[in-house]
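Data block below; observations after.
The values are calculated or read from the model by the stated rules, or taken from the named source; none is laboratory data. In this text, all values refer to a predicted model and were calculated from it rather than measured experimentally. Here the Cβ positions follow ideal geometry from the backbone for every residue, glycine too, while neighbour counts run over all protein chains shown. Side chains are part of the model used for accessible areas, which takes the heavy atoms of the whole protein and leaves out ligands, DNA and RNA. Shrake-Rupley method; radii C 1.70, N 1.55, O 1.52, S 1.80 Å.
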Amino acid sequence: MVRRVLGYLPLAAYLLALALPLAYLPLRALEGGAGPVPWRVLGLTLGLGLAVVLFAFLLAFPLAWLRAASDYPAKRLLDWLAVLPLALPGYVVAYAWLSLGGRGGILPRLEGFWGAWWVLSLYTFPYLYLGLKNAFLSLDASLFEAARSLGERPLSAWRRVVLPLVLPAAAASGLVVFLHVLADFGVVALMRYPTFSYAIYLAYETGLDRARAAWLALWLLALVGLVLVAEGRLGRPRPPARPVRPWGVRLGRWQLLAHLYVALVGLVVLGLPLGILVYWVRQGAGGPGFLALGPALLGSVAAALPAAALAAALALWLGYLIWRYPGQGLWALAAYLGYAVPPVALGLSMIFFSLRAVPFLYQTLFLLVYAYTLHFLAEALGPVRAAYAGISVHLFEAARTLGERPFGAWRRAIWPQLTGAGLAGGLLVFLATVKELPMTLLLAPTGFTTLAIETWSRVEEGLFAQAAPFALALVLVAGLVTGGVAGFWRRI
Amino acid sequence: MSLLRAENLRFTRAGRDVLAGIELDLEEGELLAVVGPSGSGKTTLLRVLAGLERPDAGEVYLAGRRITDLPPEARDIGLVFQDYALFPHLDVAGNVGFGLYGRAERDRVVKDLLDRFGLTAFARRPVHALSGGQQQRVALARALAPGPRLVLLDEPFSSLDAGLRERVREEVREALKAAGTPALLVTHDQEEALSIADRLAVLHEGQIVQAGPPEEVYLRPKTPFVARFLGHTNLVPGRAEGETARTLLGPVLLAAPARGPVLLSIRPEHLALLPPDAPEGVPGRVVARRYKGHDLTFRVRVGEKNLRVQADYRAPWQPGDAVRVLVREPAAVLSPERYPVLNY
């Protein structure tokens, strides 16, 4: 019994580490009494969220169907195409589209609601793609055929059989996209569209109204909580079942149209942003941007490396607990809480917490790494948990009966099978941390700079050519890390 | 003094007594089979003995030393898992040598064990490239390598093909005897238990209901559960009068003297079918005949009761034939069970 309690210590410590700073948010917000209900921000945020989910759904649905239910030939390509946008920082995509429009550009200036809507949809649709793909993959072709044989026309067979089976997955993924809209800072900030995240930042940085920033952050947290509850109501998406007979609709002459659609999506989500980036890099070649590249890269790595290592180590530990003591779903869920807290709110709470409780930590690299680790732990936990799930607990127990203490048994019997997942998890956190913007802006020590900060601050001032080298470096890191993760993942 | 001793082991999970007061002894050099139906607590018992689970009450002693609170690595007890739990990142030699320290010592013991188990040619193979029988040998060799005082085996043959099972069973028994390591194996397969063990313990609902040499437990079951679990039997009520009992099969010799109303267990092979004009036995009629190649099973109606009779391949009877039924061996007297008799 004592051992079991001791085993939960790291989880409890993690929760405490998260709850302690967050507690300072209401403390600070309610110091001057409750503020007014932020109707305007609420409306803007909800409107953007819904619009993005809708558009992302429309983008992802045909792709997922082609991938999972048709004989479309380039399925691997489709998977890459639909997942790679996730690796790009949103503000880099926003930067590309921003620089296309306006004075001297080839498009009308893209900003505000439409700008945020367009860019957020383009880089969050992969979540819907993945959810819909799994739903289609687990759908048995015979279900559709049964409906047809029972007298339904193709369209009504879709409506009565396919949609009801696919919609739960779509709803779950839609909520994930919605959460990302709530959490996003870079895109809405560049598009000057004040959803909660941007409004909080404005209140804090520009308006110096800390009570209002905290009050808005509290509302944002409440909204996130609501979405999480809705997600819980939907239930966990079932792992894709192996259908008896998967769908393989023959495209025939329609294949050409499918290719066209895929090419168009590829161009818009990857080709165009990257092309524009390359254009700006050439424009600014040798300019002042390149000179500052070194320190920014160094800063990014200095913050991301310890966070990645820490998160990976913590994930291996928590993953072990979840693996050894299953049936404690609530604890496992707790590990994902930090991920759900929008970075702006987490960053703000870290500031309040450090100023009040641990002033010597305010504006230190330590605090930044601490916030990163709390927030991105879930990213490392994903592959690590999956790897644990594939290992029989008996291996651990066999090592114990052969004379190993618990840690020795883990190190000799379990860890060798987790190295790939541990590295993949660490890399994911590394990438997420390098890309991360709002917490970095809020918590970075004075004079400390990163690729994300340099990119953002230049784009914000319209210095597109100067921002290019930093953005390109970010994209290169993203590409390298994604390739690395894919490599390690295969070894799992 | 016995090598392993379990006293009043209790283990409760989700309000259910998985182990309800286990009493168990295992002697030096012995091969003990704990047999019971699924859900009787076999695997839990092994896990408690190995130290992987902590009992809620009771004690475990190994060679007189109390080990109830020792972690698994400090117990000197080897365990062979039902799924073998071979380390997938290590080759055969790496698995066998896992629990050994010191290079020279490890190399020597591993070489010796691989040799003994006929695995030398596979030393550098990954474990997933082996057949089921070979994996099972690696698992046993790995458990024996650190020289444990005792090896526990969890359903060691259940994942093998029927054809392979009998051979591997022999191999395992020989390997254990050659190593001189006492072993406790659990199985739900009564035939396996009867054929491999020096001694048998029947587990039912978390308790050892009977233990002894296989012949004794088979021939003298103490309860209806044991009688039926270890093989087919006929449960026949009667009135005991000392050495014999009056039953619908006439006076039947008892294995142990008793008085009053009793329930007897008479094995099918202890009944003989005779021609209707024979001087012995009681009259009956053949109801069904099942041909199994090497022998025959009859269902014979005597009075109100259908009896199962095992006969040799020559038995000429067909359904409808009149026969006489003779009891050839003393019948086991069963004591009533505390728990309701289950239907098997």
With a 1.4 Å probe, what is the total accessible area buried between chains A and B, in Å² rounded to the nearest 100?
1800
Just tell me which lysines come within less than 23 Å, Cα to Cα, of B:K222; anything on the same chain fewer than 8 places away is out.
B:K42, B:K305
Net +/- balance of residues flanking B:R328 in space, Cβ distance below 14 Å, scoring K and R +1, D and E -1:
-2
If you add up the charges near B:G36, with Lys and Arg at +1 and Asp and Glu at -1, over every other residue whose beta carbon is less than 10 angstrom from its beta carbon, what do you get?
0
Full-extension gain between B:H232 and B:R16, please, as 0.36 nm times their residue separation minus the C-alpha to C-alpha distance.
74.8 nm
Mind giving me the nanometre distance, one decimal, between the label points for B:A256 and A:A334, set 7 Å out from Cα along Cα→Cβ?
5.5
Chain-alone versus full-assembly comparison, the range A:400-429, residues with accessible loss of at least 10 Å² (1.4 Å probe)
A:R400, A:T401, A:L402, A:G403, A:E404, A:R405, A:R412, A:A413, A:P416, A:Q417
Residues whose built amide H sits under 5 Å from the amide H of B:L150, excluding neighbours closer than 5 in sequence, are B:G78
Please give me the summed charge of the neighbours of B:P237: other residues whose Cβ is under 13 Å from its Cβ, Lys and Arg +1, Asp and Glu -1.
+2
Of the trypsin sites (Lys or Arg not before Pro) in the range A:38-127, those whose Cβ has at most 16 other Cβ within 10 Å and which sit in DSSP loop
A:R103, A:R109
Label zone at A:E152 (point 7 Å along Cα-to-Cβ), backbone N below 18 Å, the range A:60-81
A:65, A:69-70
Please say if the range A:273-393 is rounded, prolate or oblate, where rounded means a/c under 1.5 for a ≥ b ≥ c the square roots of the C-alpha gyration tensor eigenvalues, and otherwise the choice is prolate for a/b larger than b/c and oblate otherwise?
oblate
Ignoring ligands and nucleic acids, what accessible area does B:Y101 show with a 1.4 Å probe (Å², nearest 10)?
130
With r defined as the distance between the Cβ atoms of A:L361 and A:R411 and R0 fixed at 45 Å, what FRET efficiency is calculated, to the nearest 0.05?
0.85
In chain A, what percent of the accessible surface is made up of carbon and sulfur (1.4 Å probe, ligands and nucleic acids excluded)?
69
Honestly the range A:1-100 on the Cα gyration tensor test (a ≥ b ≥ c root eigenvalues; a/c under 1.5 rounded, otherwise a/b vs b/c for prolate or oblate) is just oblate
Kindly write out, for the range A:133-145 in residue order, the coupling ³J(HN,Hα) from the Karplus curve 6.51 cos²θ - 1.76 cosθ + 1.60 (θ = phi - 60°), rounded to whole Hz, with x marking Gly and Pro.
4, 4, 5, 5, 5, 8, 8, 7, 4, 5, 4, 5, 5
Write down the accessible area per residue of the protein assembly as shown in Å², having rolled a 1.4 Å probe over the full set of protein chains.
45
How would you classify the protein assembly as shown from its alpha-carbon gyration tensor, with a ≥ b ≥ c the square roots of the eigenvalues: rounded for a/c under 1.5, else prolate if a/b is greater than b/c, otherwise oblate?
prolate
For B:L185, list long-range residues whose amide hydrogen, built 1.01 Å from N in the peptide plane, is under 5 Å from its own amide hydrogen.
B:L32, B:A33, B:V34, B:L153
Rounded to the nearest 10 Å², the 1.4 Å probe accessible area of B:H128 is 140
Roughly what % antiparallel, to the nearest 5, for the DSSP beta bridges in the protein assembly as shown?
75
Phi angles of the range A:377-388, converted by Karplus (6.51 cos²θ - 1.76 cosθ + 1.60, θ = phi - 60°) into ³J(HN,Hα) in whole Hz with x for Gly and Pro, give 3, 4, 5, 6, 5, x, x, 5, 5, 4, 5, 4
Would you kindly state how much longer the chain becomes between B:E241 and B:R108 on full extension, computed as 0.36 nm times their sequence separation minus their alpha carbon distance, in nm to one decimal?
41.4 nm
In debye, nearest 20, what is the charge dipole magnitude of the range B:247-344 about its Cα centre with +1 on Lys and Arg Cβ and -1 on Asp and Glu Cβ, if you could check?
240
Positive-end residue, the protein assembly as shown charge dipole about Cα centroid, Cβ charges, pick of A:A468, A:L316, A:A421
A:A468
Treating only Lys and Arg (+1) and Asp and Glu (-1) as charged, each at its beta carbon, one finds that chain B has a dipole about its Cα centre, in Debye to the nearest 20, of 600
Area of A:D209 that stays accessible when all protein chains are in place (1.4 Å probe, Å², to 10):
70
Can you compute the equivalent ellipsoid semi-axes for the range A:338-438, i.e. the square root of 5 times each eigenvalue of the Cα gyration tensor, sorted largest first and rounded to whole Å?
35, 16, 11
Modelled label-to-label distance, B:A121 and A:D209, 7 Å Cα→beta-carbon offset: nm?
8.3
Taking amide H positions as placed in the peptide plane 1.01 Å from N, state which residues far from B:T223 in sequence (5 or more) or on other chains have amide H under 5 Å from it.
B:S335
Scalar couplings 3J(HN,Hα) for the range A:157-171 by Karplus 6.51 cos²θ - 1.76 cosθ + 1.60 (θ = phi - 60°), nearest whole Hz, x for Gly and Pro, are 5, 4, 5, 8, 10, 5, 4, x, 7, 9, 4, x, 5, 5, 5
Stretchable slack from A:L480 to A:R109, in nm (0.36 nm times residue separation minus alpha-carbon distance)
130.3 nm
